[in-house]
Amino acid sequence: MHDHGGSMKPEVSFPFRLVSGFRPLKGLHLGHYAAVLTDLTRLQYMHERSAFIFIADHHARSRWNERADFANTERRAIETTRQLLAAGVDPDFSVIYRQSDVPEIFEVMWFLAGFALHSQMQHMQGLKGAAPSAGTYIYPLLMVADIIATQSTHVAVGQDQKQHLELSRDLARKLNRRLGEQFIPVPESARAEPTTVRGIDFADSNRKKMAFELGNEIPLFEDEDVVTERIENIVTQPVQFGHPLPAEGCNLLEFSSFLVGAEQMRDLRDKYASGKYGYADAKRDLRKAFFEVMGPARARYLTIHADDAAKVLDEGKIRARENIAHFIFRLRQELAISV
Ligand code: TRP
């Protein structure tokens, strides 16, 4: 079937497909906006069904502990869907689904488990904490299954997920070597370099997840006073009164760059250098930019209800399962499994 009968290998190109998953935790934040949402809401229109966007609820269930709060996962899945819709994910174009509604993903994961090496899994960053659960250990494989089962050519993720993306690429290549050169696309990052997002306290990406649990992010859809307080709490480098603010490594400036264009950033940098501009001014400007940019999405959010989100997920489930069932059919055929 994959003997192309000569030295010339045909270049098969896969249609562009972008996948991204969101764990239903505390809701979408500025990091999501900067690292993935702007790409998704733009690229979803590239062609028919070009974006597969899902609630990674089983990823939120990879470890039983107080933080995972299993009981609330379903409510949060609906809430995260509302937020995605408000942020501009368009259900007329994107396939929006709940991971747990597509059990076929687990079958794909199991086949992948046979390709992945134990040693590869042991090197995953998520395992750094004390006594990781087996779920934490398998977490990256489930993510690879999410990506490969949808036959995605591109993945929208932040820098913290880059290692998982590398694993997907590695396993996709292995699968292609075994099942024919062009069995599935080798997925790429949607951005040449995924965006790194730090918390408001300057936490680095390894600490990001924990910090995020501690309210270290700037939420997109929380009440105005919550957002304002988080912006107030952004940690800055100390500077003497009347001295220029250091632009290098400034968290505030980085958050601003997620919201305003190049010209406004130039103005901001000039203000930073002037010596007449303090952090209180910078926070006021950031707050203004946040509510200006997010205003329309925040207004839309109030008009989208839980029922609307549930309906979108029900429709997405059908499209996602249809697509993934087709992939499993091919996979089983290649592996000569008659089920
Ligand atoms: N692991 C990702 C996170 O923690 C969420 C995720 C799960 C994901 N499956 C995915 C992202 C597939 C992109 C593609 O943010």
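On the basis of being within 21 Å of GLU193 (Cβ to Cβ), open to solvent by less than 10 Å² (accessible area, probe 1.4 Å) and among the small types (Gly, Ala, Ser), does ALA77 make the cut? Criteria not met by ALA77. Scanning region 145-156 for residues that are within 8 Å of the ligand (Cβ to nearest atom) and assigned to a helix (DSSP H, G or I) returns ASP146, ILE147.
Among all residues of region 54-70, there is none that is touching a strand residue (DSSP E or B) at 6+ places or on another chain (Cβ under 8 Å), part of a helix (DSSP H, G or I) and more than 28 Å from PHE14 (Cα to Cα). Looking across region 222-236, the residues that are in contact with an Asp or Glu (Cβ under 9 Å, 6 or more places away or on another chain) and part of a loop (DSSP other than H, G, I, E, B) come down to ASN233, ILE234, VAL235. Within region 114-131, the set of residues being buried (at least 16 other Cβ atoms within 10 Å of the Cβ) and either over 20 Å from the mean Cα position of the chain (by Cα) or more than 13 Å from the ligand (Cβ to nearest atom) (or both) comprises PHE115, ALA116, MET121. Taken together, the residues in region 313-339 that are in a loop (DSSP other than H, G, I, E, B) and either of a type in the set (A, V, I, L, M) or surrounded by 14 or more Cβ atoms within 10 Å (Cβ to Cβ) (or both) amount to 4. Taking the criterion of being among the aromatic types (Phe, Trp, Tyr) and crowded, with 21+ Cβ neighbours inside 10 Å, the only residue of region 84-107 that qualifies is TYR97. Of everything listed in (1) in contact (Cβ under 8 Å) with a residue 40 or more places away in the chain; (2) buried (at least 17 other Cβ atoms within 10 Å of the Cβ); (3) within 22 Å of the chain's Cα centre (by Cα), the single unmet condition for SER256 is (1).
Yes/no per residue for (1) without any contact (Cβ under 8 Å) to a residue 12 or more places away in the chain; (2) within 17 Å of SER152 (Cα to Cα); (3) touching a Ser or Thr at 6+ places or on another chain (Cβ under 7 Å):
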residue	(1), (2), (3)
PRO15	no, yes, no
GLY21	no, yes, no
GLN44	no, yes, yes
THR73	no, no, no
PRO91	no, no, no
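Considering region 159-182, the residues that are near the ligand (Cβ under 10 Å from one of its atoms) and open to solvent by 10 Å² or more (accessible area, probe 1.4 Å) include one that is modelled with the lowest pLDDT, namely ASP160.
Screening region 33-53 for residues that are more than 13 Å from the chain's Cα centre (by Cα) and among the polar types (S, T, N, Q) and picking the one that is nearest to MET294 (Cα to Cα) gives GLN44.
The values are calculated or read from the model by the stated rules, or taken from the named source; none is laboratory data. Computed from a predicted structure; not experimentally measured. All Cβ positions, glycine included, derive from the backbone under ideal geometry; neighbour counts span all protein chains shown. With ligands, DNA and RNA removed, areas are computed over all heavy atoms of the protein, side chains included. Shrake-Rupley method; radii C 1.70, N 1.55, O 1.52, S 1.80 Å.
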